[in-house]
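The values are calculated or read from the model by the stated rules, or taken from the named source; none is laboratory data. As the structure is a prediction and not an experimental result, all values here were calculated from the model. Please note: Cβ atoms are built from the backbone with ideal geometry, for glycine as well, and neighbour counts cover all protein chains shown. Calculation scope for accessible area: heavy atoms of the full protein, side chains included, ligands and nucleic acids excluded. Shrake-Rupley method; radii C 1.70, N 1.55, O 1.52, S 1.80 Å.
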Amino acid sequence: MVLMARYLKAVYDQVLQHWDVKRVPLMKLHKQSAVAQLIIDKRGRLIKFRLNHSSKVKMFDKTLIAAIKRANPFPPPAPALRKLLRTQGLEIA
């Protein structure tokens, strides 16, 4: 469980580094959230992703999707996480 939490933090931090929220009006950022599911291979490459829960703010979702794409590839996951990340994926919010 600790291993997954560390990997989730690494992926989340990498996405945040690439997220250009300046394009989203400040009023629209307040209390917004979206959930994306990422399928990642053993080398850390993004195989596919989808937005599981939209923020209902088009620009917010659009900038999140762009950040996920720019953040790819991610750090290679530990061997113990590879199957889970390839089959069920990882949710970031």
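Some points to look at:
- Meets criteria (closer than 25 Å to Val2 by Cα, at pLDDT 95 or above and surrounded by fewer than 15 Cβ atoms within 10 Å (Cβ to Cβ)) for Ala93: no
- Restricting attention to region 29-80, the residues being in a strand (DSSP E or B) and polar (S, T, N, Q) number 2.
- Remark: Arg82 matches the filter, which requires a residue to be over 10 Å from the mean Cα position of the chain (by Cα), at pLDDT 95 or above and open to solvent by 30 Å² or more (accessible area, probe 1.4 Å).
- Restricting region 44-61 to residues that are of a type outside the set (Lys, Arg) and over 30 Å from Ala78 (Cα atoms), the residue that is surrounded by the most Cβ atoms within 10 Å (Cβ to Cβ): Phe60
- In summary, Asn52 fulfils each of the numbered conditions (1) without any contact (Cβ under 8 Å) to a residue 40 or more places away in the chain; (2) in contact with a Ser or Thr (Cβ under 9 Å, 6 or more places away or on another chain); (3) closer than 28 Å to Val2 by Cβ with the single exception of condition (2).
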